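Please read the structure below before turning to the comments.
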Amino acid sequence: AVAVEAKNVSKIFGAPGAEVRALDNVSVTIRQNEFFTLLGPSGCGKTTLLRLIAGFEMPSDGSILLEGEEVAHLPPYKRHVNTVFQSYALFPHMTVAQNIAFGLEMLGKPKAEVQQTVTAMLKLVRMEELKDRRTSQISGGQQQRVALARALAPKPKVLLLDEPLSALDLKLRKEMQIELKRMQMETGITFIFVTHDQEEALTMSDRIAVMSKGKILQIGSPAEIYEHPTVRFVADFIGETNFIEAEVTQRIANEGQIKLPSGIVISHPVAENVGVGATVTLAIRPERIDLVRPDAEAHLKGKISNVVYFGTDTTFHVEIDGTSKHVTARVQNRRGHQEVLKAGDAVGLRIAPEAM
Ligand code: ADP
Ligand code: MG
């Protein structure tokens with residue numbers, strides 16, 4: 001079932017003549033129970049989209065639906081949506097338990113129910129032992145847990161999380177990534193998570209929407225986004241990618257013949273608007289390139305310019321013959337390449353067509 005839907009949503013800020021188009025015709029459907037991530041660089045419109053869903057802002061155009069119902073007329077507190085901000089905004093003079101209880105008391109919940117929910121939330125975020133501490137006397141990571149407990153306590157249908165981990169140091173951030181995912185699965189609440197960190201998005205999400213300049217460029221599972229980026233921005237923003245220019249020499253239906261810089265021609269599907277003679281860009285992940293002997297059959301030939309040993313893997317920078325372009329290939333060390341190949345060696349690069 002559908003939790004949240006944005007239909008052709010645009011948001012324009014500022015006076016006429018000085019408008020900022022923060023969102024430009026955005027459409028997305030987020031399912032119930034999903035861990036959904038909005039991923040993109042600073043200023044691309046992530047926070048704006050969250051604020052529209054929460055009801056803190058109204059769209060300039062288009063509509064927001066919660067469980068299939070248009071919510072333009074609903075103020076934030078009637079939307080069954082709650083938000084966790086980067087700044088936790090806890091009450092420092094209150095205890096952990098009092099902070100979690102506060103919102104429930106404001107809603108006029110009976111005392112016994114408040115107690116029961118607070119106990120359950122303390123357990124969920126693993127803060128039972130610190131329940132009587134003031135929040136000014138716990139660590140940043142613990143404050144983060146309290147903020148989550150407080151936001152989850154009223155049992156919202158959707159929890160919006162705007163870069164909630166960005167204030168934590170790396171080790172704590174990694175730990176909270178796993179914890180957040182666990183809390184989402186245990187509560188069954190739909191999470192809409194905002195981050196500019198591609199690794200964070202890949203590790204936590206059921207699905208990701210990649211945003212740039214107010215638009216959603218691609219929506220898919222982490223594997224789909226990583227393995228099959230549909231536009232150059234997505235390939236570039238997520239993970240590491242080699243871009244190789246090639247020429248379309250022939251096409252039959254949607255199958256093109258594509259000539260690589262080495263002169264080798266491969267078959268590959270091409271988009272409808274790509275004609276014979278067009279230059280296309282192939283995007284190839286470093287770990288999908290195999291290094292082979294220079295005299296073996298290969299898609300590209302080159303010379304190793306640099307070898308970087310990383311423990312689990314080794315990265316080879318290879319200058320492609322006849323060009324000044326470099327390609328990065330990453331090889332797992334259990335294969336033992338790093339002992340054989342060194343800077344200056346000639347190599348062949350073999351790439352599975354489905355990895356282009
Ligand atoms: P993100 O969260 O991805 O960093 P935002 O949604 O905060 O991006 O902002 C998107 C764009 O809209 C930015 O150019 C930002 O400056 C602009 N913007 C956001 N809020 C306002 C506002 N209240 N008034 C004017 N411009 C705004
Ligand atoms: Mg933001």
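Worth pointing out:
- Whenever a residue of the range 1-22 is on the phi < 0 side of the Ramachandran plot and acidic (Asp, Glu), its partners that are part of a strand (DSSP E or B) and surrounded by fewer than 16 Cβ atoms within 10 Å (Cβ to Cβ), lying with C-beta atoms within less than 6 angstrom and at least six residues away or across chains, give the pairs 5/29; 19/12.
- Residues of the range 84-101 classified as closer than 23 Å to residue 55 by Cα and modelled with pLDDT of 95 or more, total: 1
- Candidates are the residues of the range 189-234 that are within 16 Å of ligand 1 (Cβ to nearest atom) and among the small types (Gly, Ala, Ser); the one that is surrounded by the fewest Cβ atoms within 10 Å (Cβ to Cβ) is 212.
- Strands (runs of 3 or more DSSP E) fully within the range 140-212 counting 1 or more residues that are among the basic types (Lys, Arg) and more than 21 Å from residue 100 (Cβ to Cβ): 207-212
- Residues that are touching an Asp or Glu at 6+ places or on another chain (Cβ under 8 Å), within 21 Å of residue 238 (Cα to Cα), polar (S, T, N, Q) and touching a residue at least 24 places away in the same chain (Cβ under 8 Å) do occur in the range 41-63.
- Among residues of the range 304-320 being more than 29 Å from the chain's Cα centre (by Cα) and under 14 Å from residue 350 (Cα atoms), the one that is modelled with the highest pLDDT is 318.
- Condition met for residue 214 (in the same structural domain as residue 19 (by TED's automatic domain parsing) and closer than 30 Å to residue 327 by Cβ): no
- If you check 35, 85, 102 for being away from ligand 1 (no atom under 12 Å from the Cβ) and either under 23 Å from residue 181 (Cα atoms) or not assigned by TED's automatic domain parsing to the domain that holds residue 205 (or both), only one passes: 35.
The values are calculated or read from the model by the stated rules, or taken from the named source; none is laboratory data. Everything numeric in this text was worked out from a predicted model, so none of it was measured. Positions of Cβ are backbone-derived with ideal geometry, glycine not excepted, and every protein chain shown enters the neighbour counts.
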